[in-house]
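Below is one structure; the comments refer to it alone.
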Amino acid sequence: MTSLRAGRWITAVALLLLAGVYVRALAYTPIEASQGLAQKIFYVHVPAAIWAETAMILVGLASVFYLFTKDPRVDRFAASSAEVGTIFCAIVLTTGPIWGKPIWGTWWSWDARLTFTLFLFLLYVGYLLLRSAVADPGARARFAAVVGICGACEVPFIHLSVYMFPTLHPMPIVLQPGRPRLPGSMLSTWLFSLGVFTLLYVGFVVQRYAIGQLREHQEGMAER
Amino acid sequence: MPQVPPPPPPQNSGYMVAAYVLVGAILIGYTLSLYLRARRSLRP
Amino acid sequence: MRSPELLRHAWAIAAKDLLVELRSRTAILSVATFVVLVLMVFNFGRDQTAVSNIDLAPSILWVTFTFSGVLALNRAFEIELENQALDGLLLAPIDRGSIYLGKLIANLIFVATIEVIGLPLIALFFNVRVLVAPLVLVIALATVGFVAVGTLFSAMTVRTRFAELLLPVLLLPFMILPLRWAALTTGLLLAGRPLSEVQGWLNMLAVYDVVFVVLAILLFPATVNE
């Protein structure tokens, strides 16, 4: 299965590069003065958050595509992106509190962004649960597409919520227009990490897609 | 005015280590899960 | 898709559902009992010295309505499931959109009835003045939001194995936002703040409602295509 092998290679390279990110972030990037070493969690937390959300948007787009084309490959991609997105979301939800405890003094706060990530996670879990609860592949794909589109449409509202309420959460630091406040070496570490997480997303999705293909093939064989 | 040195950064490396270990564990765990599931699907 | 026809069909479907409800009355009575139970649990579960009623009231109100609402939604398509009545509806020469609208209207009326029962009870049990006009508007807006999404989702979950569990799980993320805006607004209104202060959130609720009702109408056919 060539796409499976490709996916495995990409993932292997990504994991190797991840080790590189670890070394760079932990040993070769300056310590942030006010937050200390814990701030370095930022280098894994934020790229994961970006992909957790992007994966959901991709699920939404794929879902729209699916309803128009009824192409099972599109549905397979949506399922893959959802699963990988859930993993990244879990990373954000766990590293967030670990970063928050030393900095804000509390493991959890109903801060807008943490809340956002929590229910991004709930959207993902709902999507995956629905998929597992529907036996017929056609209905499963259609239903998942409906939930996927609704989920993706909710994301802008959630974003509005985040910016409407002042919060404990560090305000966007990397993409602030006109005033990038992240010093050079920190920025490059962050960008490196973002690249690696992108590669991880691709590798994981390709593998999951291949597994989906294999399983559907098996289901088809079993029916005969 | 005498120069006052800025306070040293707080000692919280434990959290950093915990987070990085956790992220590694999750990613490697998921890689393993994908590997095993693919193997199960490839087995006739 | 002609508007008046769409609405006429929708209303016919809603009327049918409501007539069925009215005849048996089991559903409305069960949910009404549920409301009373939830309110009693709230009462026995709280520390009367710690939090004032007026601070707790928005939470009580919204938890009660959302949980009861989900219960109500679960039954929305169950009626059709018995005797496969849904197939009959689908064969009829009407736009799929009107089936959704009809279900939506019926669900809204059902949930509204629960809220009409619940609000005076909350006012009574917790000694809070909740029967304020702007509050009713907030409740209406938030309800439309989550019932719109809930009606769409219940069409899908009704045929799955753990329907009663799956619907709340799917619906919860879509309830949180309107709920949050509504609870904030309720808190402010109960504290006597003027309507102008909550205008922003009311607008958000209205936009949310419009977006998701339209989305649901567009997506509903995908839930019933055979």
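Just so it is clear, none of the values below were taken in a lab; they were calculated from the coordinates. It should be emphasised that the depicted structure is a prediction, and the values quoted were computed from it without experimental measurement. When we count neighbours, we look across all protein chains shown, and the Cβ atoms used for this are built from the backbone with ideal geometry, even at glycine.
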- Note on the structure: Here the FRET efficiency for C:PHE67 versus A:ARG5, based on Cβ atoms and R0 = 41 Å and rounded to 0.05, is 0.25
- Query: What dipole magnitude, in Debye to the nearest 20, does region C:1-138 give about its Cα centre under +1 on Lys/Arg Cβ and -1 on Asp/Glu Cβ?
  - Reply: 240
- Message: Could you derive backbone 3J(HN,Hα) for region A:48-55 from the dihedral phi with the Karplus parameters 6.51, -1.76 and 1.60 (θ = phi - 60°), listing whole Hz in sequence and x where the residue is Gly or Pro?
- Response: 4, 5, 4, 6, 4, 6, 4, 4
- Item | Positive dipole terminus of region C:1-158, leading residue within C:LEU152, C:LEU22, C:LEU73 (C-beta point charges) | C:LEU22
- Could you give the nm distance between label points at A:HIS217 and A:TRP107, where each point is 7 Å from its Cα heading toward the beta carbon? 4.5
- Cα axis of helix C:163-190 to longest principal axis of chain C: angle in degrees, 0 to 90, nearest 10? 40
- Message: Please list, by residue number, every one of the chymotrypsin sites (Phe, Trp or Tyr not before Pro) in region C:158-213 that is coil in DSSP and has at most 12 other beta-carbon atoms within 10 Å.
- Response: C:PHE162
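Efficiency by 1/(1 + (r/R0)^6): what FRET value for C:GLN199 and C:ASP55, r their Cβ-Cβ distance, R0 = 30 Å, to the nearest 0.05?
Details: r = 23 Å, r/R0 = 0.76.
Once the sixth-power term is evaluated, E becomes 0.85.
Net charge within 12 Å of C:LEU71 by Cβ-Cβ distance, Lys/Arg positive one each and Asp/Glu negative one each, not counting C:LEU71 itself?
Values: positive: C:ARG75; negative: C:GLU78, C:GLU164.
Its environment carries a net charge of -1.
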- Query: Given labels modelled 7 Å from the Cα in the Cβ direction, how far is it in nm from C:LEU165 to C:LEU81?
  - Reply: 1.5
- Are there GluC sites (Glu not before Pro) in region C:22-119 that DSSP marks as loop and that have at most 10 other Cβ atoms within 10 Å, and which are they? none
- Task: Find the centroid of the Cα atoms in region B:1-28 and in region C:1-31, then give the distance between the two in whole Å.
- Result: 60
- Taking each residue of A:121-129 in turn, how many C-beta atoms of other protein chains fall within 10 Å of its C-beta, and what is the average? 4
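Please check chain C for the longest run free of trypsin sites (Lys or Arg not before Pro) that are loop-located per DSSP (anything but H, G, I, E, B) and have at most 12 other Cβ atoms within 10 Å. Could you put the intermediate results ahead of the total?
Numbers: sites that count: C:ARG2, C:ARG25, C:ARG129, C:ARG161.
Here the longest segment lacking exposed loop sites spans C:26-128.
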- Any idea what angle helix C:3-24 forms with the longest principal axis of chain C, computed on alpha-carbon atoms, 0 to 90 degrees, nearest 10? 70
- Among A:PRO102, A:ILE57, A:TRP9, pick out the residue whose Cα is farthest towards the positive end of the charge dipole of region A:1-115, where Lys and Arg carry +1 and Asp and Glu carry -1 on C-beta, about the Cα centre. A:TRP9
- Message: What is the angle, in °, between the Cα long axis of helix A:184-223 and the longest principal axis of the Cα atoms in chain A? Nearest 10 is fine, range 0 to 90.
- Response: 20
- Message: Show me the chymotrypsin sites (Phe, Trp or Tyr not before Pro) within region A:100-144 that DSSP assigns to loop and that have at most 16 other Cβ atoms within 10 Å of their Cβ.
- Response: A:TRP107, A:TRP108, A:TRP110
